[in-house]
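To keep things clear, I will list the structure first and then write my remarks on it.
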Amino acid sequence: LPPEKIIRVSPQAFATYGGSGELSIGDEFSARELLYPLLIESSNDAAEALAEGVGREAFIRAMNARAEKLGLSRTSFKDPSGLSFGNTSTARDLFRFAQSLAGEHGDILAISKTPSFEALARGTRRWSRIWRSNNEFVRGKNQYLIGTKDGYTDEAAQTTVSLFMLPVSETKSRRVAVVLLGSRNREGDVFA
């Protein structure tokens with residue numbers, strides 16, 4: 001989607017499970033604005049609204065085509081938000097995906113580590129929205145964080161893909177990815 005494309009939140013997107021993002025039916029946001037509730041608050045409504053911006057089924061096909069192009073052979077998407085039991089991946093595939101983001105999409109990583117973002121009232125938006133990160137490393141201003149995305153489903157439990165640039169000597173740093181699936185203590189496991 002072009003970042004400036006205007007997306008209207010439909011009743012179907014609004015009805016998606018979860019309340020993160022505080023979106024309302026009829027709200028209009030640019031595609032870029034919707035990346036903030038999607039990435040920093042894990043808004044399922046935002047994921048569905050973005051998908052509807054190009055057609056939900058076409059969006060899911062594009063997600064699966066991208067996974068295939070990246071060689072993520074054990075990854076399959078059934079919906080845009082990640083809620084479906086049919087969405088599957090592996091730690092190895094998520095690591096490869098993180099490598100791709102680090103190499104090609106620094107803008108996405110920058111959004112993922114944004115502490116908060118305000119979308120001002122305008123047009124059909126009657127009030128401003130302030131989205132705040134739900135990620136411990138972002139809220140704690142971890143100086144080594146490159147980007148991160150947390151998730152949760154009953155099947156996968158607490159999950160994360162977090163990228164850090166960690167010092168390995170006085171003059172050198174190394175990029176490190178932490179991928180967790182099935183955690184019951186995400187922040188503690190990442191620290192460990």
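Observations
- Answer from Leu181, Leu145 - the residue that is open to solvent by 30 Å² or more (accessible area, probe 1.4 Å) and not hydroxyl-bearing (Ser, Thr, Tyr): Leu181
- Qualifying helices (runs of 4 or more DSSP H) (wholly inside segment 12-90; at least 3 residues being basic (Lys, Arg) and open to solvent by 30 Å² or more (accessible area, probe 1.4 Å)): 56-69
- Check on Leu35, among the aliphatic types (A, V, I, L, M), under 17 Å from Ile130 (Cα atoms), modelled with pLDDT of 95 or more and touching a helix residue (DSSP H, G or I) at 6+ places or on another chain (Cβ under 9 Å): yes
- Applying the criterion of being touching a residue at least 24 places away in the same chain (Cβ under 8 Å) and among the acidic types (Asp, Glu) to the residues of segment 147-188, the residue that is nearest to Glu104 (Cα to Cα) is Asp150.
- Among all residues of segment 159-167, there is at least one that is crowded, with 16+ Cβ neighbours inside 10 Å, touching a Gly at 6+ places or on another chain (Cβ under 6 Å) and outside any loop (DSSP other than H, G, I, E, B).
- Selection of first residues in segment 41-54 that are more than 13 Å from Ile6 (Cα to Cα) and of second residues that are in a loop (DSSP other than H, G, I, E, B) and among the β-branched types (Val, Ile, Thr), restricted to Cβ pairs under 6 Å at least 6 apart or on distinct chains, gives the following pairs, ordered by first then second residue: Asn44/Thr16; Asp45/Thr16; Glu48/Thr16.
- Scanning segment 114-130 for residues that are part of a strand (DSSP E or B), touching a strand residue (DSSP E or B) at 6+ places or on another chain (Cβ under 6 Å) and surrounded by 13 or more Cβ atoms within 10 Å (Cβ to Cβ) yields Ser116, Phe117, Ala119, Arg129.
- With respect to the conditions (1) closer than 24 Å to Gly19 by Cα; (2) touching a Leu at 6+ places or on another chain (Cβ under 7 Å); (3) at pLDDT 95 or above; (4) hydrophobic (A, V, I, L, M, F, W, C), Trp131 falls short on a single one, namely (2).
The values are calculated or read from the model by the stated rules, or taken from the named source; none is laboratory data. All values reported here derive from a predicted model rather than from experimental measurement. No Cβ is skipped: glycine too gets one built from the backbone with ideal geometry, and neighbour counts run over all protein chains shown. With ligands, DNA and RNA removed, areas are computed over all heavy atoms of the protein, side chains included. Shrake-Rupley method; radii C 1.70, N 1.55, O 1.52, S 1.80 Å.
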